[in-house]
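Asks: Can you read through this structure? Questions will come right after.
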Amino acid sequence: AFNSVIYDRHSDWQQKLPSMTAKLFSGSVEIRDEDINFNEEIQINVLLEQVDLSELIATQQVEGLKTTGKMSGSIPIRYANGQVQVLDGEMRSVEKGKIRYSTALSESGDLNEQLKLTLDVLENFDYSSLNSKIVYDADTLLLKSSIVGKNPDIKNGQTINLNLNTEVGLKGAIEVMRIQSGIDSRIEKFVASKTTPNTKQYFCQ
C-alpha cells in the first residue's frame with residue numbers, strides 16, 4: 001500500500017508521504033507521516049513489524065545456521081550527499097526463539113576459550129530476548145546484538161548473556177531480492193499507469 005503526493009513549490013520538489021507499507025520476510029515494513037524535501041537532507045523513520053528472523057538470516061547463506069523467532073523495531077534512515085546512513089536503529093525480538101549454529105570451526109584447536117564457548121553455546125541455544133542496535137554506513141550493515149537465553153547442554157542450562165557483532169552484506173542481499181522479484185519493472189509499470197500530472201502536483205495511490 002502506498003499513498004503519496006509529490007508537488008513543486010517554487011522549483012522546490014517536496015513529497016508528503018502519509019503511509020507506505022510493504023511485506024518483508026513474512027512481516028511488514030512501514031513509513032508513516034513523513035514530509036520530504038528533495039533539495040535538503042532527507043531523514044525518514046522506517047518501522048519494522050514481525051519480521052521473520054529465519055528468512056532474514058537466509059539471505060546471508062551462512063552454512064549450518066538455523067534460527068526461529070520474529071523481530072520488530074525502527075530504522076532511522078538519513079540520505080545526504082548521495083549516501084545512505086542508519087544511525088541508532090534497533091530491532092528486538094517479539095517472541096522467544098532458537099539459534100542452531102553448527103560449524104566445523106568449533107572443533108579447531110586454535111580457538112581461544114571465549115570463542116570456543118560461544119560456538120558451543122550457539123549449537124543449541126534457546127533465547128528469551130534478542131536486541132540489536134543497527135548502524136549502516138559505507139555499504140556495511142553492522143548489528144550489535146545482545147542475546148539472553150540458555151543452552152541445556154552448557155553450564156547446567158543456566159542463563160547466558162551473549163554480545164555478538166555481525167556485519168551483514170545488505171547491499172548484495174537487496175540486489176538478489178530485486179532480481180528475483182522483478183520489482184523494478186513492476187514499479188515502473190505501476191507508476192506509469194497511476195501517475196497523473198495536475199497543476200504541478202502528482203498523485204500516486
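The values are calculated or read from the model by the stated rules, or taken from the named source; none is laboratory data. Note that the coordinates shown come from a computational prediction; the quantities given were computed from them, not determined experimentally. With ideal geometry, Cβ positions are generated from the backbone for all residues, glycine too; neighbour counts draw on all protein chains shown. Surface areas here come from the heavy atoms of the whole protein model, side chains and all, with no ligands, DNA or RNA. Shrake-Rupley method; radii C 1.70, N 1.55, O 1.52, S 1.80 Å.
Asks: If I ignore ligands, DNA and RNA and count only protein heavy atoms, how much of Leu142 is accessible to a 1.4 Å probe, in Å² to the nearest 10?
Replies: About 50 Å², ignoring ligands and nucleic acids.
Asks: For the stretch 1-50, list log₁₀ I(q)/I(0) at each q in 0.13, 0.30 Å⁻¹, using the Debye formula over Cα point scatterers of equal strength and ignoring solvent, two decimals each.
Replies: -0.35, -1.10
Asks: If I stretch the segment between Asp126 and Val5 completely, what's the gain in nm (0.36 nm per residue apart, minus their alpha carbon distance), one decimal?
Replies: Full-extension gain reported as 39.0 nm.
Asks: Share of the stretch 37-109's accessible area from carbon and sulfur, percent, 1.4 Å?
Replies: 49
Asks: So, one more: Once the Cα gyration tensor of the stretch 49-104 is diagonalised, what are the square roots of 5 times its eigenvalues, in whole Å and ordered largest first, as equivalent ellipsoid semi-axes?
Replies: Here the semi-axes work out to 27, 16, 8 Å.
Asks: Let me ask something additional. For a quick protection proxy, order the peptides 146-157, 74-85 by their average other-Cβ count within 10 Å, most packed first.
Replies: Order by mean packing, descending: 146-157, 74-85.
Asks: Cα convex hull of the stretch 1-135: mean projected area in nm², to one decimal?
Replies: Here the figure is 10.5 nm², rounded to one decimal.
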